[in-house]
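Engineer: To start, I am sharing the structure in question, which I have written as structure tokens.
The values are calculated or read from the model by the stated rules, or taken from the named source; none is laboratory data. Here the structure is a predicted model, which means the values were calculated and not measured. Glycine also receives a Cβ, built like all others from the backbone with ideal geometry; neighbour counts cover every protein chain displayed.
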Amino acid sequence: MTTCAIIYTRFSPRPNATECTSCEKQEERCKAYCASKKYTWTHAFLDRKVSGSILNRPGLQAALAALKPGMVLVVDSSDRLARDMLVNLTIRHEVEKAGATIEYADGSPTESTPEGVLFQNILAAFAAYERDRIRLRTKNGLAKKRKNGERTTGKIPIGWRLDPENEKRLIVDRRERKAIISACEMHANGYSSGNIAHSLDILYDMGCRGKPWSPRTIRKLIKRHAFWAGPYGDRSLEPKYS
């Protein structure tokens, strides 16, 4: 009797990570694995740009729902299945409940033996460890950029502009900052967001980057309490109100 297989792939791109491979390449290896085992794969599910620490992934949930007793869930490697110990154990438990098994195209031992279970637990722990290392490297990298006054997002925050001498660096846009200070002061005096937006267009004869100030933009700026103490903070322009 032919064994049916479900293929699952996941791709989560990371900067300078040469081990990241596309879902298409993972699927090719999984199909080759199925052919070597004489499995008949029936469906291939994928998740693009989704963290392995999340259980509720559309592709993963569809793959689990498609499993039937006696079927095999084929994954390229253990870290493509999950990068969180609890999530990994939960997925393996769900597969077991469905009467199916998990096999890995990279040749990792399966859970058919106690040694295989131990090995998969070790791989899951290392995947979680690597995820935490990635987070720390990313956090440190962003902190270094902020310290150097460099951009950390694609969109330039209101109140800042690109340094003409260094496009990676942001400098204060004093016209926008003055408008923001006025908005905060008017808010402190009880003005509504709509009235503030209208007043800014009149007072400064300017919109917000080519468009009229909107109440929504005003509300977002006022709520951004960390704005003045942010990575590019210029406390000399900080409004004097609580």
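Engineer: I'd like to verify a number: residues in segment 30-52 that are basic (K, R), under 26 Å from T2 (Cβ atoms) and touching a strand residue (DSSP E or B) at 6+ places or on another chain (Cβ under 9 Å), how many?
Structural biologist: The qualifying residues number 2.
Engineer: Any residue at all in segment 53-62 that is farther than 18 Å from S22 by Cα, touching a strand residue (DSSP E or B) at 6+ places or on another chain (Cβ under 7 Å), modelled with pLDDT of 95 or more and among the hydrophobic types (A, V, I, L, M, F, W, C)?
Structural biologist: Yes - at least one qualifying residue is present in segment 53-62.
Engineer: Mind listing whichever residues of segment 91-105 are modelled with pLDDT of 90 or more and surrounded by 14 or more Cβ atoms within 10 Å (Cβ to Cβ)?
Structural biologist: I91, E94, V95, A98, A100, T101, I102, E103, Y104, A105
Engineer: Only one residue in V95, V75 is closer than 15 Å to I7 by Cβ and in contact with a helix residue (DSSP H, G or I) (Cβ under 6 Å, 6 or more places away or on another chain). Which one?
Structural biologist: One residue alone meets the criteria, V75.
Engineer: Quickly run through segment 156-170 and pick out the residues that are without any contact (Cβ under 8 Å) to a residue 12 or more places away in the chain and not charged (D, E, K, R).
Structural biologist: Passing the criteria: L162, P164, N166.
Engineer: OK, next. For the subset of segment 172-205 comprising residues that are in a loop (DSSP other than H, G, I, E, B) and of a type in the set (D, E, K, R), which member is surrounded by the fewest Cβ atoms within 10 Å (Cβ to Cβ)?
Structural biologist: Per the criteria, the residue is D205.
Engineer: Next question. Do any residues in segment 208-234 that are surrounded by fewer than 13 Cβ atoms within 10 Å (Cβ to Cβ) have Cβ atoms under 9 Å from those of residues that are at pLDDT below 75 and of a type in the set (K, R), where the two are at least six apart or on different chains, and which pairs are they?
Structural biologist: A229/R235
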